[in-house]
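Data block below; observations after.
The values are calculated or read from the model by the stated rules, or taken from the named source; none is laboratory data. The shown structure was predicted, so the numbers you read here are calculated from the model rather than taken from an experiment. No Cβ is skipped: glycine too gets one built from the backbone with ideal geometry, and neighbour counts run over all protein chains shown. Surface accessibility is based on the protein's heavy atoms, side chains included, excluding ligands, DNA and RNA. Shrake-Rupley method; radii C 1.70, N 1.55, O 1.52, S 1.80 Å.
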Amino acid sequence: MTEGLFHGTTLFFALISGILFTRVLRGMPWARFYLNKFTNVILPYLVVSTVLVALQWPQVVAYLKANDLQDSFLHVLLLNVVTGSAEVQLWYIPVLAVLFVMTPALEAMLRFRNGVLLLLLALVPLVVSRTVSPHMLSVNSVIYFLGAYGFGMYLGERLEAMLALVRNFRALMWAVFLISLVANFWLFLSGYTPSGFFSLQESVVYLNKILAALLILELLQAHEDRMPRLLQTLGTYAFSLYFLHFTVMVNLDKALVQAWPGMSVVGVAAGALAIYLVSITLTLMLCIMLKKLFGRYSRMLIGA
């Protein structure tokens, strides 16, 4: 259930990063741009990765002893940082770092013939799919998210006109979104296994999440004068929620499986959604506490 609904929502991060570049950061000296990204993205990633590796270090040491191996904390930490493997969701930050490096080239593409090259790039993920667990970090994944990041830059430059287009074709977009959502569920339930660099499932997910992003953006724009406080709070803590939510979620998953080992399919689906909502709530409370604790340094430490 959570895979069907939320798999691929990392695309939202890439899309938002692209929108923010052209609407907020474009024209900033590149040295300042990269300092901004290091301070607000890479530095909290390093901090969170270090804490996670430190927490897991006793188990790592036990594994090394059991297999007659030797390694140092620094080497294990560096390996986790480079590969984004301190926890399963962190693979995206090395990908994002590559997107940041390529931003000047994408900005040049945006200036060429009204951004047509970025529109073509946004179509590439339909035929070149990202890789999934356990090999999340790959050239394919970079290409996949580069399409969303570039499309975000294109959107940001002409956001009002694009959202007007969404309003004109809203019914059609909702229809395609729902069809792709059903197809996504079916592919998960059927146990679809991709081969080579192309995955029909990831193509469907890409289409589904890009359409979802456009529909959500249009909805938010229509209600921007009366935005719910909860959404603003979630926006403030979105990056730190990304960093910390999985630790909470995986432990709740384990507790649910131990408490009800013989759940039905409906029970598993309902439990998955309940755990998702509870874990986000608990993680949000944790993030608020950490932000108050660290004050003005919290953004460099937890991303909020």
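Summary of computed values
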item: The chain - percent of accessible surface contributed by carbon and sulfur, probe 1.4 Å; result: 71 percent
item: Within the chain, helix-based [θ] at 222 nm, where runs of 4 or more DSSP H residues each add -39,500 (n - 2.57), nearest 500; result: -23500 deg cm²/dmol
item: Residue 135-residue 170 pseudo-label distance in nm [points 7 Å out on the Cα-to-Cβ vector]; result: 4.4 nm
item: At least 30 Å along the helix axis (C-alpha) and Kyte average at least 0.0, DSSP helices within the chain; result: 43-66, 200-222, 238-259, 265-294
item: Average accessible surface area per residue within the chain, 1.4 Å rolling probe, Å²; result: 55 Å²
item: Calculated FRET value between residue 233 and residue 55, using beta carbons and R₀ = 25 Å, to 0.05; result: 0.40
item: Pairwise label distance in nanometres, residue 123 with residue 198, each label 7 Å out on the Cα-Cβ vector; result: 1.5 nm
item: Cβ-Cβ FRET estimate between residue 282 and residue 28, R0 fixed at 51 Å, reported to 0.05; result: 0.90
item: Electrostatic dipole magnitude of the chain [Cβ: Lys, Arg +1; Asp, Glu -1; Cα centre; debye, to 20]; result: 760 debye
item: Of every Cα-Cα pair in segment 1-155, the percent that sits beyond 26 Å; result: 35 percent
item: Segment 9-65 - convex hull of alpha carbons, volume per residue in Å³; result: 103 Å³
item: Modelled FRET efficiency - R0 51 Å, residue 78 with residue 222, Cβ distances, 0.05 increments; result: 0.65
item: Pair residue 65, residue 113: separation of 7 Å Cα→Cβ label points (nm); result: 6.4 nm
item: Gain on full stretching of the segment that runs from residue 290 to residue 255 - 0.36 nm per residue minus C-alpha separation; result: 10.1 nm
item: Most fluctuating residue given options 78, 118, 69, as computed from a GNM of the chain linking Cα atoms under 10 Å; result: 69
item: Which of 93, 143 is most accessible, then next, and so on - probe 1.4 Å; result: 143, 93
